[in-house]
């Protein structure tokens with residue numbers, strides 16, 4: 001947990017899901033210079049005279065060091081060969097605000113938890129609060145979701161209260177709020193469990209979810225909401241990412257994310273892209 005500007009925040013969690021190794025990058029570089037015989041890695045030397053078989057490819061992907069890659073990365077700045085190595089990270093608990101920063105990094109593959117499909121619990125809590133519950137029911141229910149990067153419960157309660165007010169306003173101006181909030185097959189639960197907010201919430205949770213419910217309600221959440229994502233960078237792009245984001249000039253939440261990503265990045269990659277790591 002960290003404190004910034006008087007507010008406490010959770011740091012994101014990161015796991016390295018897969019990495020492709022540096023052997024292919026060395027092979028690419030040796031291809032450019034036709035210098036396979038100069039490699040300190042025996043499997044790379046073999047490629048000069050024969051196409052690699054499955055066993056050679058497996059050995060190639062286990063290479064831990066490459067003098068040529070080190071020279072190209074730090075002496076000659078021939079970074080295009082780094083594009084042949086890829087790393088994929090699972091990120092949990094960063095913020096929607098960080099997504100805006102990530103969008104500025106052009107070369108990455110990114111898959112993000114969708115608010116279109118994952119807001120049912122929030123909307124179900126609101127519907128239950130309007131049928132036997134109250135605003136406090138909604139606030140307490142959402143506090144249990146652990147849905148914000150901020151760690152201050154009082155502050156998070158203010159966020160949730162704002163979400164309630166937006167939904168309450170929308171519910172009064174939309175002709176049939178329940179039709180856009182609840183799946184048709186779950187509508188009978190509203191009458192069946194009227195006056196019993198917890199029972200109604202549970203029934204809605206266990207029933208069929210409204211498809212794309214977030215389409216109507218994405219406006220209620222802020223950049224403070226946690227998101228999960230999987231990102232894949234080639235090593236050249238990751239170098240750019242770490243250079244810009246592990247910097248005092250970077251937005252503090254994406255700096256924390258970059259720092260957590262660096263922690264799980266194997267040393268053989270850091271040696272090629274980050275000074276003194």
Residues in segment 87-120 that are crowded, with 19+ Cβ neighbours inside 10 Å and over 15 Å from the mean Cα position of the chain (by Cα): how many?
2
So, of the residues in segment 145-156 that are exposed (fewer than 15 other Cβ atoms within 10 Å of the Cβ) and within 21 Å of the chain's Cα centre (by Cα), which turns out to be farthest from residue 118 (Cα to Cα)?
146
Restricting to segment 131-144, name every residue that is in contact with a helix residue (DSSP H, G or I) (Cβ under 7 Å, 6 or more places away or on another chain), surrounded by fewer than 22 Cβ atoms within 10 Å (Cβ to Cβ) and assigned to a helix (DSSP H, G or I).
135, 137, 139, 141, 143
Index of the failed condition, residue 171 passing every other in (1) under 24 Å from residue 227 (Cα atoms); (2) out of contact with any strand residue (DSSP E or B) (no Cβ under 6 Å at 6 or more places or on another chain); (3) surrounded by fewer than 22 Cβ atoms within 10 Å (Cβ to Cβ):
(1)
For segment 84-97, state whether one or more residues are assigned to a helix (DSSP H, G or I) and at pLDDT below 95.
yes
Helices (runs of 4 or more DSSP H) within segment 182-277 that include 1 or more residues over 24 Å from the mean Cα position of the chain (by Cα) and within 19 Å of residue 142 (Cβ to Cβ)
197-206
Condition test on residue 213, is it assigned by TED's automatic domain parsing to the domain that holds residue 162 and surrounded by 21 or more Cβ atoms within 10 Å (Cβ to Cβ)?
yes
Any hit, segment 229-239, residues being surrounded by fewer than 20 Cβ atoms within 10 Å (Cβ to Cβ), modelled with pLDDT of 95 or more and out of contact with any helix residue (DSSP H, G or I) (no Cβ under 9 Å at 6 or more places or on another chain)
yes
Exactly one of these conditions fails for residue 101: (1) in contact with a helix residue (DSSP H, G or I) (Cβ under 6 Å, 6 or more places away or on another chain); (2) under 29 Å from residue 16 (Cα atoms); (3) not in a helix (DSSP H, G or I). Give me its number.
(3)
So how many residues does segment 240-257 have that are surrounded by fewer than 19 Cβ atoms within 10 Å (Cβ to Cβ) and either under 16 Å from residue 15 (Cα atoms) or in contact with a strand residue (DSSP E or B) (Cβ under 6 Å, 6 or more places away or on another chain) (or both)?
1
Go through the residues of segment 28-39 one by one and say whether even a single one is in contact with a helix residue (DSSP H, G or I) (Cβ under 9 Å, 6 or more places away or on another chain) and over 24 Å from residue 273 (Cα atoms).
yes
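The values are calculated or read from the model by the stated rules, or taken from the named source; none is laboratory data. This structure is a prediction, so every number in the text was calculated from the model and none was measured. Reconstructed Cβ throughout: ideal geometry from the backbone, glycine too, with neighbour counts over all protein chains shown.
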